[in-house]
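In what follows, a structure is listed as structure tokens, so that the remarks can point back to it.
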Amino acid sequence: MTRRTVRIAMNGVTGRMGYRQHLVRSILSLQEQGGLDLGDGSTLWPEPVLVGRREHALRAIAEEHGIEHWTTDLDAVLADPSIDVYFDAQVTAAREDAVRQAIAAGKHIYCEKPTATSLEGALELARLATAAGVKHGVVQDKIFLPGLLKLKRLVDGGFFGRILSVRGEFGYWVFEGDWQSAQRPSWNYRAEDGGGIVADMFPHWDYVLHEIFGRVRTVQALTATHIPQRWDERGKPYDATADDAAYGIFELDGGAVAQINSSWAVRVNRDELVEFQVDGTHGSAVAGLRNCRVQHRSATPKPVWNPDLPATEVFREQWQEVPDNDDFGNGFKAQWELFLRHVVLDEPWRWDLLAGARGVQLAELGLRSSAEGRRFDVPELTL
Ligand SMILES: NC(=O)c1ccc[n+]([C@@H]2O[C@H](COP(=O)([O-])OP(=O)(O)OC[C@H]3O[C@@H](n4cnc5c(N)ncnc54)[C@H](O)[C@@H]3O)[C@@H](O)[C@H]2O)c1
């Protein structure tokens, strides 16, 4: 087996996503398995170079995982011709400038969503990367989750008949930070720092809906800041200026209507932190991150509305679990593998910066819809 090395500058690895999902669960996990088998007698060895602002934090991660290269000098790492890929999982507000710089330096780009804080910025990145001829991609991890892969399998297999509606419920209680520390970074709750649940989650809903059911044609949303004051990482109170809940309705190509609630101010009474119920003429399904349950039309009960009597059936027990029938790895890692194959083997890839811009577009239109009390068409984006 010959071994090829791909050197990846990873910026934002001290953060939640950068560290756990991208560095540890994806790149270091690929190393643990001996690299990525390219299937042509060669193996691709991903070599991370950690990039960030805080020297001590980078050094600690490098030492813990035996990573040789790390730096606080982004310019220097981008000027290094041995670096092939620039990866960005920084706070959203810092992404656009850094990605722009990396494109100018001729690096292939892979980054977290949202790709920028405005549609204009996101489209510009897609245009610049395409013009520079570099490969580019955006993280769209949810469609690589077992639950949604099973849902996609049901759609592809024609299980639903005509799909009528999708009801998504996402969220959990994020502590305010006063008497119990918050479990998400405080910038998420400040609009001026790129926060807000619409900016965070609508890019996910865009590709989930697009990939599984059809392109989003219109959006209508109502946002709220249910918790107006929170406490930051240092225990200091701050004004939560960003939306922490969004109630959205999306019309899809093919005629289905999707309605998705996203909230950091909701307590979980579900099996998973996100669930989608899909109803079709021939059957229905409820999919979460890992599991997916179905009910076929032939097994559908016939409830009769009678508030004078207690429920006569245990409805939740009438659903059937969809089997795995597959080994599902970590979704982030699965997408990294496809991206690296795209970079070195030129294999097909569709989750590019234009797809990333589509997510930013949906978020931007969602916020406008709420501010103006209107429903908006979602125009198809081109470069
Ligand atoms: N794909 C997903 O499911 C998913 C989930 C959560 C977050 N995200 C995205 O990942 C990105 C990072 O989110 P996170 O939750 O890991 O955030 P985080 O606050 O935990 O990490 C942010 C990282 O950015 C760095 N950074 C650079 N400039 C900074 C600045 N000016 N202020 C603060 N930190 C700065 C930090 O050092 C840190 O490494 C965001 O763009 C977010 O939208 C994606």
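Give the stretch 146-160 a look and list any residue that's in a loop (DSSP other than H, G, I, E, B) and either polar (S, T, N, Q) or open to solvent by 40 Å² or more (accessible area, probe 1.4 Å) (or both), or say none.
GLY157, GLY158, PHE159
Out of the residues in the stretch 179-214 meeting the condition of being touching a Ser or Thr at 6+ places or on another chain (Cβ under 6 Å) and within 11 Å of the ligand (Cβ to nearest atom), tell me which one is farthest from VAL166 (Cα to Cα).
Checking each candidate, the answer is ARG190.
Any chance you could count how many residues in the stretch 333-354 are within 14 Å of the chain's Cα centre (by Cα) and crowded, with 24+ Cβ neighbours inside 10 Å?
2
State whether one or more residues within the stretch 39-48 are of a type outside the set (S, T, N, Q) and assigned to a helix (DSSP H, G or I).
Checking the stretch 39-48: not a single residue is of a type outside the set (S, T, N, Q) and assigned to a helix (DSSP H, G or I).
In the stretch 4-41, what residues are at positive phi and either within 13 Å of the ligand (Cβ to nearest atom) or out of contact with any Phe, Trp or Tyr (no Cβ under 8 Å at 6 or more places or on another chain) (or both)?
GLY12, GLY34, GLY39, GLY41
Considering only residues that are surrounded by 17 or more Cβ atoms within 10 Å (Cβ to Cβ) and either without any contact (Cβ under 8 Å) to a residue 40 or more places away in the chain or within 22 Å of the chain's Cα centre (by Cα) (or both), which ones fall in the stretch 169-183?
Selection gives GLU169, PHE170, GLY171, VAL174, ALA182.
From the residues in the stretch 46-61 that are within 14 Å of the ligand (Cβ to nearest atom) and open to solvent by less than 30 Å² (accessible area, probe 1.4 Å), which one is nearest to HIS108 (Cα to Cα)?
PRO48
Considering the stretch 232-283 alone, what residues qualify as being part of a loop (DSSP other than H, G, I, E, B), of a type outside the set (Phe, Trp, Tyr) and touching a helix residue (DSSP H, G or I) at 6+ places or on another chain (Cβ under 8 Å)?
ASP232, GLU233, ALA240, THR241, ALA242, ASP243, ASP244, GLU272, THR281, HIS282 - these are the residues of the stretch 232-283 that are part of a loop (DSSP other than H, G, I, E, B), of a type outside the set (Phe, Trp, Tyr) and touching a helix residue (DSSP H, G or I) at 6+ places or on another chain (Cβ under 8 Å).
May I ask you to list the residues in the stretch 90-99 that are among the charged types (D, E, K, R) and either out of contact with any Asp or Glu (no Cβ under 7 Å at 6 or more places or on another chain) or surrounded by fewer than 18 Cβ atoms within 10 Å (Cβ to Cβ) (or both)?
Across the stretch 90-99, the qualifying residues are GLU96, ASP97.
Working only within the stretch 126-167, note down all residues that are of a type in the set (A, V, I, L, M, F, W, C) and touching a Ser or Thr at 6+ places or on another chain (Cβ under 6 Å).
VAL138
Looking for whichever is in contact with a His (Cβ under 8 Å, 6 or more places away or on another chain) and closer than 14 Å to GLU176 by Cα here; the options are ALA265, ALA240. Which one fits?
Only one candidate passes the filter, namely ALA265.
Looking only at residues in the stretch 100-136 that are over 20 Å from the mean Cα position of the chain (by Cα) and of a type in the set (Lys, Arg), which one is least open to solvent (accessible area, probe 1.4 Å)?
So the residue we want is LYS107.
The values are calculated or read from the model by the stated rules, or taken from the named source; none is laboratory data. As the structure is a prediction and not an experimental result, all values here were calculated from the model. Note that each Cβ is placed from the backbone with ideal geometry, even for glycine, and that neighbours are counted across all protein chains shown. These accessible areas exclude ligands, DNA and RNA; they are computed on the full protein's heavy atoms, side chains included. Shrake-Rupley method; radii C 1.70, N 1.55, O 1.52, S 1.80 Å.
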